[in-house]
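Student: Below is one structure. I have some questions about it.
The values are calculated or read from the model by the stated rules, or taken from the named source; none is laboratory data. Please read these numbers as outputs of a predicted model, since none were measured by experiment. When we count neighbours, we look across all protein chains shown, and the Cβ atoms used for this are built from the backbone with ideal geometry, even at glycine.
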2 protein chains.
Amino acid sequence: MKLLTRNTDYGIRALAFIVKEEGRVVAVPELVKALKVPRPFLRKILQRLVKKGFIKSYKGVGGGFRPALPADNIYIVEVAKAFQGPVTLNECLLKKDLCPNRKVCPLKRKIDRIEKHVVSELGKITIAELLKG
Amino acid sequence: MKLLTRNTDYGIRALAFIVKEEGRVVAVPELVKALKVPRPFLRKILQRLVKKGFIKSYKGVGGGFRPALPADNIYIVEVAKAFQGPVTLNECLLKKDLCPNRKVCPLKRKIDRIEKHVVSELGKITIAELLKG
DNA sequence: GATAAAAGATACCACAATAGTATCATTTTG
DNA sequence: CAAAATGATACTATTGTGGTATCTTTTATC
């Protein structure tokens, strides 16, 4: 059971690094050095962050990445969603189909409560806060 | 991100069914019918439940399964552990090695808090309670 | 304009965990 | 002994994650 995958983890760390540079354009080689993530993998992660609107990219010589949002407006639950899809702790699947009892299932109800808590807690953490910590 | 795998889910449901029968010995065909889980898969799950001490098994004609514990003493976090191993929401891995910064990592600190909450909440739910619900 | 340094797009491979199947052995009751 | 049950175990399939490789496009600078 893993809350954050490596994708997400690296995504958060990359974001934190880029944000820390206060608007300076940061390119991949620098990030590779700082985060010790394999370059092609990191590139894919960065492309995802661009597509999801967390950072802006600049092509060509001297290009790189800059935050697209203020640091205190980037919530890690959003980053997690970008890499892992919606945060759902249980799916109530019966084989491939949705379980027909999910409306009344007491287990689902309990898990849902826990899930809400997780999402809400993850939703309180911003990149800004991680940088302070 | 999934809190409970299908294994665990079926395990919980099977346990609940067996417990509900109040000590009557329940055999696989009945469980297959009730839970609509493929027989060989369910058998494997039941064997796991036996090995982990949640139920007792009886071989031979008229055999089957009975709870090994009182219903209010079976916590679903334990069932989850039986199928999924220890509940850890983040692993702080850097490539294959443990991340060297994990002691001071603010992200890890936050995730750890959430993890503790999840485990504690899962640790409050018993099979007995699910049957009441 | 050519060159080089950057990111974009995309397709592919590797590995591990989960999900599920199949087969044979053992036990027990009648 | 036969039948009905579980035990043990090995195998296959599917999926998600992690990671690589390659080619295209953009842009600054000489």
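Student: Could you go through segment A:90-106 and let me know if any residue there is at pLDDT 90 or above and either small (Gly, Ala, Ser) or not in a loop (DSSP other than H, G, I, E, B) (or both).
Tutor: no
Student: I'm trying to understand the selection: among the residues of segment B:12-39, which are more than 13 Å from DNA strand D (Cβ to nearest atom) and touching a residue at least 40 places away in the same chain (Cβ under 8 Å)?
Tutor: B:Ile12, B:Leu15, B:Ala16, B:Val19, B:Lys20, B:Gly23
Student: If you scan segment A:33-70, which residues turn out to be at pLDDT 95 or above, surrounded by 17 or more Cβ atoms within 10 Å (Cβ to Cβ), closer than 15 Å to A:Arg13 by Cβ and among the hydrophobic types (A, V, I, L, M, F, W, C)?
Tutor: A:Leu42, A:Ile45, A:Leu46, A:Leu49, A:Phe54, A:Ile55, A:Phe65 - these are the residues of segment A:33-70 that are at pLDDT 95 or above, surrounded by 17 or more Cβ atoms within 10 Å (Cβ to Cβ), closer than 15 Å to A:Arg13 by Cβ and among the hydrophobic types (A, V, I, L, M, F, W, C).
Student: Still on this model: Can you tell me which residue is farthest from DNA strand C (Cβ to nearest atom) among those in segment A:6-32 that are assigned to a helix (DSSP H, G or I) and away from every other protein chain (no Cβ under 14 Å)?
Tutor: Filtering segment A:6-32 for residues that are assigned to a helix (DSSP H, G or I) and away from every other protein chain (no Cβ under 14 Å), the one farthest from DNA strand C (Cβ to nearest atom) comes out as A:Ile18.
Student: If you go through segment A:1-20, how many residues are over 27 Å from B:Val87 (Cβ atoms) and either modelled with pLDDT under 95 or small (Gly, Ala, Ser) (or both)?
Tutor: So the count comes out to 1.
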